[in-house]
């Protein structure tokens, strides 16, 4: 599965995009970018900020008709788990940690 993180350090500018290999890596990158924005603010590098970020996945199952109906220009969509139980990658990672802890 192709994954990428998008990060907007100051809304409404264009997003910075980086491909990642896994959901776990995506969460680490998202957290690092958010922490970096906070660091810059806390150390008076920038006077304020309004950031946003997220994880996207490439969805090959979307048809051209789907793209048109959803008003998409490509097949990058917000990430969700295969079971569709999670749409927040951080919650998903936490659930995996809980499963590992419970199994141990």
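To keep it simple, each residue is scored yes or no on (1) surrounded by 14 or more Cβ atoms within 10 Å (Cβ to Cβ); (2) touching a helix residue (DSSP H, G or I) at 6+ places or on another chain (Cβ under 7 Å); (3) in contact (Cβ under 8 Å) with a residue 12 or more places away in the chain; (4) assigned to a helix (DSSP H, G or I).
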site: 5; (1), (2), (3), (4): yes, yes, yes, no
site: 45; (1), (2), (3), (4): no, no, no, no
site: 55; (1), (2), (3), (4): yes, yes, yes, no
site: 62; (1), (2), (3), (4): yes, no, yes, no
site: 68; (1), (2), (3), (4): no, no, no, yes
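Kindly indicate whether residue 98 is outside any loop (DSSP other than H, G, I, E, B), surrounded by 13 or more Cβ atoms within 10 Å (Cβ to Cβ) and free of Cβ contacts under 8 Å to residues at least 12 places away in the same chain.
On the way: outside any loop (DSSP other than H, G, I, E, B): yes; surrounded by 13 or more Cβ atoms within 10 Å (Cβ to Cβ): no; free of Cβ contacts under 8 Å to residues at least 12 places away in the same chain: yes.
For residue 98, the condition - outside any loop (DSSP other than H, G, I, E, B), surrounded by 13 or more Cβ atoms within 10 Å (Cβ to Cβ) and free of Cβ contacts under 8 Å to residues at least 12 places away in the same chain - is not met.
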*Any pair with Cβ under 8 angstrom, 6 or more apart, that starts in segment 16-27 at a residue that is assigned to a helix (DSSP H, G or I) and ends at one that is buried (at least 18 other Cβ atoms within 10 Å of the Cβ) and at pLDDT below 95*: 23/92
*Condition test on residue 87, is it part of a loop (DSSP other than H, G, I, E, B), surrounded by 10 or more Cβ atoms within 10 Å (Cβ to Cβ) and free of Cβ contacts under 8 Å to residues at least 40 places away in the same chain?*
yes
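The values are calculated or read from the model by the stated rules, or taken from the named source; none is laboratory data. Not measured: the values here are computed from a predicted model. Note: ideal-geometry Cβ built from the backbone for every residue, glycine included; neighbour counts use all protein chains shown.
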